[in-house]
Amino acid sequence: MPSKRTTSKSKRNRQPGETSPGQEALRAQAPRTGKGPNPRRIAATVLNAVLRQETPLDDALNAHKDLPNLDARDRAFVRLLTTTVLRRLGQIDDLIAHCLDRPLKAKFAEAEDLIRMGAAQLLFLETPPHAALSTTLALATTPRTSGQKGLINAILRRLDREGRALVEAQDAARLNTPDWLWQSWSEAYGDAQVRAIAESNLKEPPLDLTIKTESGDWVTRMANAGLDAQKLPGGSVRIGHAGDVRRLPGYDRGHWWVQDVAATLPARLLGEIEDLRVIDLCAAPGGKTAQLAAAGAKVTAVDRSTSRLRRLSENLDRLNLSAEVIAANATRWQPKQPADAVLLDAPCSATGTLRRHPDIAWLRNAGDIASVTELQDSLLNAAAEMVKPGGLLVYATCSLQPQEGPERIAALLETRKDLERIPLTAEELGEGLEAAITADGDLRTLPSHLSDLGGMDGFFACRLRRL
């Protein structure tokens, strides 16, 4: 459980990542009076799984048996409410602490989560106060919450009166970033940059699409469908709130797939790969596999999760792309012959993706990094053995932690003299991403990069050649 800390535009002018009419409608959702699953009760159960049982948010959502029974609008509301609570958890807990003489006891955990949900709706989702209060109190029916209705009501009413002024006075970036992350990022990137990163993580991320081919003006096609759209460096198309992606133009015909613009960069570092044999390690769910296959490579996608590989294969089928798919542990699997290139997007803490996965801030801690770096070292050494002499190896992680990026490469090059770093050039990344090249010539994107366009995920990538 997180520790408590005390310390409208028109459609024409709205930028990707800003509030859309669809989001505003979700935020103002009226109290439910019909039968069937209650979205707010589902959200409370999901939050309990994340904050009390340390279940990743996506896993908790996918595992909830009632979520598929909701209509698309209510499913979107469940995700919006849970991500908002997690994205603003530091602020919300600070506000709750302001209303209490002493912290809530552990036995009041369920009631605390209901207060968090009510506060999120009141202060961050612009839900009408009567709806936020009545729907929250209606959830207090369990043995552990029914006796706390008075407390829940009192805190939410006080926050309705005082909360907006309190929010204005809060240091949102600092409160919503755990101490260990703030300190780590400050040491790695400096005080100004860590604040920019933290502020970027508080914004709802836009949706990025990787286009399978260059044919067609997909910005115009999305705009004709009533969506804000713009082209990003490298050719990705960014749109604002889109709802169900399966309803977007081109989905059924496999013209594009969802992939943050930062996640497209590591595969591009391999250069021209048409007709080359490329191994994609830790490949699922398959965005980079699709990139490689669309570029004409003969791809072998390896991942240890059979369920995630099924999703990868389904995506390739929809996109009319092909790859050899192998379920195996990449630290022990070996190809029949060395490949021309290997792309290793290694398992990591994923701290570069907090804007999309705010639960990570509260589920990870500094001690987790040491264990994952051991796996990254094993994968790097295994990947190096899969590359033929003269071939390329690209190592990538969606982490902002230096221990999972440049420090892993330094350790690898210290022990392996058959590898050399091949620095990146600004021309390879495209205009606007010059700041993403480090002094060593590696890739380091930050959530604050492309901020005027809505930001991007944090990625590290290094390109190596086997001698």
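The values are calculated or read from the model by the stated rules, or taken from the named source; none is laboratory data. Given the structure is predicted, the values throughout are model-derived calculations rather than measurements. Cβ: placed from backbone, ideal geometry, glycine included. Neighbour counts: every protein chain shown. To get the accessible areas, we keep the full protein, side chains included, count just its heavy atoms, and leave off ligands, DNA and RNA. Shrake-Rupley method; radii C 1.70, N 1.55, O 1.52, S 1.80 Å.
Couple of notes before you dig in:
- Taking each residue of segment 163-191 that is outside the structural domain of Met117 (by the TED database) and open to solvent by 30 Å² or more (accessible area, probe 1.4 Å) and looking for partners that are at pLDDT below 95 and in a helix (DSSP H, G or I) with beta-carbon atoms closer than 7 Å, six or more apart or interchain, yields Trp180/Ala366.
- Residue count, segment 334-360 (criterion: surrounded by fewer than 21 Cβ atoms within 10 Å (Cβ to Cβ) and in contact with a Lys or Arg (Cβ under 9 Å, 6 or more places away or on another chain)): 4
- Condition check for Arg79: in a helix (DSSP H, G or I) and either open to solvent by 10 Å² or more (accessible area, probe 1.4 Å) or of a type in the set (Phe, Trp, Tyr) (or both): yes
- Contact map, segment 350-369: residues that are on the phi > 0 side of the Ramachandran plot paired with residues that are in a helix (DSSP H, G or I) and at pLDDT 95 or above, Cβ distance under 8 Å, separation 6+ or inter-chain. Pairs shown: Ala350/Ile360.
- Criterion (farther than 22 Å from Ala330 by Cβ and within 27 Å of the chain's Cα centre (by Cα)) met by exactly one of Asp377, Asp368, Asp440: Asp440
- Identity of the residue in segment 240-283, among the β-branched types (Val, Ile, Thr) and modelled with pLDDT of 95 or more, that ends up farthest from Leu344 (Cα to Cα): Val258
- Matching residues in segment 362-388 - criterion: being closer than 15 Å to Thr351 by Cα and acidic (Asp, Glu): Asp368
- In this structure, Glu374 does satisfy being outside the structural domain of Ala229 (by the TED database) and open to solvent by 40 Å² or more (accessible area, probe 1.4 Å).
- Under the condition of being surrounded by 16 or more Cβ atoms within 10 Å (Cβ to Cβ) and either out of contact with any Phe, Trp or Tyr (no Cβ under 9 Å at 6 or more places or on another chain) or aromatic (Phe, Trp, Tyr) (or both), the residues counted in segment 319-333 number 6.
- Failed criterion for Thr210 (all others in (1) open to solvent by less than 20 Å² (accessible area, probe 1.4 Å); (2) not assigned by the TED database to the domain that holds Lys231 hold): (2)
- Beta carbons closer than 7 Å, at least 6 apart along the sequence or on distinct chains, pair a first residue in segment 382-411 that is farther than 20 Å from Leu265 by Cα with a second that is modelled with pLDDT under 95 and surrounded by 19 or more Cβ atoms within 10 Å (Cβ to Cβ) for Gln403/Ile369.
- Test for Ala140: is it among the hydrophobic types (A, V, I, L, M, F, W, C), more than 25 Å from Gln170 (Cα to Cα) and open to solvent by less than 40 Å² (accessible area, probe 1.4 Å): yes
- Verdict on Leu380 being modelled with pLDDT of 95 or more and either surrounded by fewer than 16 Cβ atoms within 10 Å (Cβ to Cβ) or in contact with a helix residue (DSSP H, G or I) (Cβ under 6 Å, 6 or more places away or on another chain) (or both): yes
- Annotation note: of Ala97, Ala132, Ala106, the sole residue that is assigned by the TED database to the domain that holds Thr45 and in contact with a helix residue (DSSP H, G or I) (Cβ under 7 Å, 6 or more places away or on another chain) is Ala132.
- Among the residues making up segment 427-447, a single one is open to solvent by 20 Å² or more (accessible area, probe 1.4 Å) and among the polar types (S, T, N, Q): Thr438.
- Any hit, segment 149-161, residues being within 30 Å of Gln401 (Cβ to Cβ) and either modelled with pLDDT of 95 or more or open to solvent by 10 Å² or more (accessible area, probe 1.4 Å) (or both): no
- Single match in Gln376, Gln334 (criterion: farther than 27 Å from Arg52 by Cβ and outside any helix (DSSP H, G or I)): Gln334
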